[in-house]
Amino acid sequence: MSDAAAYQFKAGHLWHEAQWRNDAAFGVDSTGKITPVSSESPDYVGNWVLPGMPNLHSHAFQRAMAGLAERRGPGDDSFWTWRETMYSFAARIGPDTLQAIASQLYVEMLKAGYTQVCEFHYLHHQPDGTPYAQPEAMSLALIEAAREAGIALTLLPVLYMSGGFDGRPLSARQRRFGHDVDAYLSLLSNLRKLESADVRVGVALHSLRAIPEQAWRSVIEHEALKTGPVHIHIAEQIGEVQDCLATRGARPVEWLLDHAAIDRRWCLVHATHLTDTETARIARSGAIAGLCPTTEANLGDGLFPLARFMDAGGTLGIGSDSHISISPIEELRWLEYGQRLSTRHRNVAARHADESVGETLWRHALKGGAQAAGMPIGAVDTDMRADFIVLDNDSPLLAARDHRSAMDSFLFAGNVSPVRHVMAGGKWVVRDFRHRDETRIAARYRTAMLSLVG
Ligand code: NGQ
Ligand code: ZN
């Protein structure tokens, strides 16, 4: 029997379509997909089972510098001074170190409950800007890292052409990010040959400031951009809003919406600084607002207008971006807490009476994350990828919690993650809090870190 069920499971509660379903059963076939249950006596897997969370924005290499930019510099520190530190760090990373860092990162993601990652990848060439002998070497390192860890990957090779809104050339440190349009398209088509059930290849435009205005139309209208997800950094810093206004006479989101057919394939990462009109227009377009609350807090970006966006019916998802934190719990908690601190209200993401903040946020982030990934994920449902997490039945956090309180306790009340088991693509990658290959991957990471920072 070719599609014989590999597993048959029963959960005390399964998170499905915006609510907990009691005593839910499902199967997983040998190709790693969810099937209807076929056994009379499925195996009890746990009391609280949830679809794994997609992580819609990652720059894997930045994990290795997390914590190394928290000491004050000679002047007033900002996003832009952090970027200089990040650039000097990036200059030391090649394919082997990238793979060592990324596989450690992806193990940590799985243990935290992320089962998919969108990798916004722009470290393409050698540090001096010369392509590697194998031009895709850095992308291949990421694909291999995802395979080792067992996480689903949406690889987003980034087009990066200029160093600012004025169209200035890339700086010496940015040279390794750069392609002209033809070279980029050939990278994209080579990588698309590697797509599989576990790897999807989409498109990323680094930011409006990285694509000269004259190149925009030929890029945006190219055939290669007509399918799959398209991600872009947009409006993260006030400085870039001002530069965009000065050079293009419009704010970044405004300009983007006026110069591209933005639809649900688009993910607008760090749509932080928005007018009310921009907020409503993104919501209406169906594009995802890609929010990375812990990185946005760490970099001093600002706050997204969450309530207004949700009221307009907008779609959102979460990413760990610079990986100052790798935890869907912390991203969602800070998404809500930022709003509480700035509005001096409580329960902001819950827009209706009796709604749970945790349930609302988990539901939105699953939906937006799956859309941004362009993969069949985000629900434990027939034909979806078998990506789910099982919370620890023994966690004191979940003692005496029921279907009305479990999600909020999971997301808001803990300091030790209760994510106990994780299945990704039909394979147990985390059992009893341990990843199947964590010892080897962590040892290699330590060696790589000593060579980088030691
Ligand atoms: C990045 N990261 O591409 O890694 C950016 C910083 C930039 C974040 N925005 C560099 N968090 O935007 O130019
Ligand atoms: Zn980013």
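Which order do Asp258, Asp301, Asp23 take when ranked by solvent-accessible area (1.4 Å probe, heavy atoms of all protein chains), largest first?
Numbers: Asp258 95, Asp301 10, Asp23 120 Å².
Largest accessible area first, the residues go Asp23, Asp258, Asp301.
If you count only protein heavy atoms with a 1.4 Å probe, what accessible area per residue comes out for region 258-393, rounded to a whole Å²? Walk me through the numbers on the way to the answer.
On the way: 4850 Å² over 136 residues.
The answer is 36 Å² per residue.
Only loop residues by DSSP count here, and only those with at most 10 other Cβ atoms within 10 Å; note down the trypsin sites (Lys or Arg not before Pro) in region 332-389 that meet that. Present the calculation step by step, with values, prior to reporting the outcome.
On the way: sites: Arg333, Arg340, Arg344, Arg346, Arg351, Arg363, Lys367, Arg385; in loops: Arg344, Arg346, Arg351.
For trypsin sites (Lys or Arg not before Pro) across region 332-389 that sit outside H, G, I, E and B with at most 10 neighbouring Cβ atoms in 10 Å, the list reads Arg344, Arg346.
At 1.4 Å probe size, with every protein chain present, just tell me what the per residue accessible area of region 1-145 comes to in Å².
41 Å²
Express in Å², to the nearest 10, the accessible area of His421 obtained by rolling a 1.4 Å probe over the protein heavy atoms while all chains stay in place.
Here the accessible area works out near 20 Å².
Given Cα positions, please report Rg to Rh for region 332-407, the hydrodynamic radius being the Kirkwood one.
Values: Rg = 14.9 Å, Rh = 14.6 Å.
Rg/Rh: 1.02.
Rounded to a whole number, what % of the accessible area of the chain do carbon and sulfur atoms account for, probe 1.4 Å?
Values: 9150 of 18470 Å².
After summing per-atom areas, the C and S share lands at 50 percent.
Using Cα atoms only, what is the angle between the long axis of helix 181-192 and the major principal axis of the chain, expressed in degrees (0 to 90) to the nearest 10?
20 degrees
If you add up the charges near Ile262, with Lys and Arg at +1 and Asp and Glu at -1, over every other residue whose beta carbon is less than 12 angstrom from its beta carbon, what do you get? Don't jump to the answer; show the numbers that get you there.
Values: positive: Arg264, Arg265, Arg281, Arg284; negative: Glu254, Asp258, Asp263, Glu278.
Within the 12 Å Cβ shell, the charges total 0.
For helix 95-112, report the angle its Cα long axis makes with the longest principal axis of the Cα atoms of the chain; keep it between 0 and 90° and round to the nearest 10°.
Compared with the principal axis, the helix lies near 40 degrees.
Across region 160-165, in residue order, what do the Karplus-derived ³J(HN,Hα) couplings come to in whole Hz, using 6.51 cos²θ - 1.76 cosθ + 1.60 with θ = phi - 60° and x for Gly and Pro?
So the Karplus estimates, Gly and Pro as x, are 9, 10, 9, x, x, 4 Hz.
Hand me the trypsin sites (Lys or Arg not before Pro) from region 66-124 located in a DSSP loop with no more than 14 other Cβ atoms within 10 Å, in residue order please. Display every interim value, and only then the final one.
Values: sites: Arg71, Arg72, Arg83, Arg92, Lys111; in loops: Arg71, Arg72, Arg92.
Of the trypsin sites (Lys or Arg not before Pro), the ones in loops of region 66-124 whose Cβ has at most 14 other Cβ atoms within 10 Å are Arg71, Arg72, Arg92.
Taking region 179-261, which trypsin sites (Lys or Arg not before Pro) meet the DSSP loop condition and have no more than 13 other C-beta atoms within 10 Å? List each step's numbers first, then the result.
On the way: sites: Arg192, Lys193, Arg200, Arg209, Arg217, Lys226, Arg248; in loops: Lys193, Lys226.
Counting only loop positions with at most 13 other Cβ atoms within 10 Å, the trypsin sites (Lys or Arg not before Pro) in region 179-261 are Lys193, Lys226.
Can I get the semi-axes of region 28-144's equivalent ellipsoid? Compute them from the C-alpha gyration tensor as square roots of 5 times the eigenvalues, in angstrom, largest first. Kindly include the intermediate steps, with their values, before the conclusion.
Details: eigenvalues 282, 82, 20 Å².
The equivalent ellipsoid of region 28-144 has semi-axes of 38, 20, 10 Å.
Measuring with a 1.4 Å probe in the full set of protein chains, what accessible area per residue, in whole Å², belongs to region 189-231? Walk me through the intermediate numbers first.
Details: 1940 Å² over 43 residues.
Accessible area per residue, region 189-231: 45 Å².
What percent does the relative contact order of the chain come to when contacts are Cα pairs within less than 8 Å and at least six residues apart? Please report the intermediate quantities before stating the final value.
Details: 938 pairs, mean separation 92.4, N = 454.
After rounding, I find 20 percent.
Structure shown: which of Lys193/Lys427; Lys367/Lys427; Lys10/Lys33 lie over 19 Å apart, alpha-carbon to alpha-carbon?
Numbers: Lys193/Lys427 24 Å; Lys367/Lys427 22 Å; Lys10/Lys33 16 Å.
Beyond 19 Å between Cα atoms: Lys193/Lys427; Lys367/Lys427.
Would you compute the Debye intensity of the chain from its alpha-carbon atoms alone, equal scatterers and no solvent, and pass along log10 I(q)/I(0) at q = 0.06, 0.07, 0.09 Å⁻¹ to two decimals?
-0.24, -0.33, -0.56
Using a 10 Å cut-off on Cβ atoms, rank the peptides 138-150, 8-20, 392-404 from the highest mean neighbour count down. Before the final figure, lay out each step's value.
Values: 138-150: 22.2, 8-20: 18.8, 392-404: 14.0.
Per-residue mean Cβ counts within 10 Å order the peptides as 138-150, 8-20, 392-404.
In degrees, nearest 10, range 0 to 90: what is the angle between the Cα axis of helix 79-90 and the longest Cα principal axis of the chain?
So the helix axis and the longest Cα principal axis differ by about 80 degrees.
What is region 252-382's relative contact order, in percent, from Cα pairs under 8 angstrom and six or more apart in sequence?
Working: 188 pairs, mean separation 30.0, N = 131.
In percent, rounded to a whole number, it is 23.
The values are calculated or read from the model by the stated rules, or taken from the named source; none is laboratory data. Given the structure is predicted, the values throughout are model-derived calculations rather than measurements. Neighbour counts run over all protein chains shown; Cβ positions are idealised from the backbone, glycine included. Side chains are part of the model used for accessible areas, which takes the heavy atoms of the whole protein and leaves out ligands, DNA and RNA. Shrake-Rupley method; radii C 1.70, N 1.55, O 1.52, S 1.80 Å.
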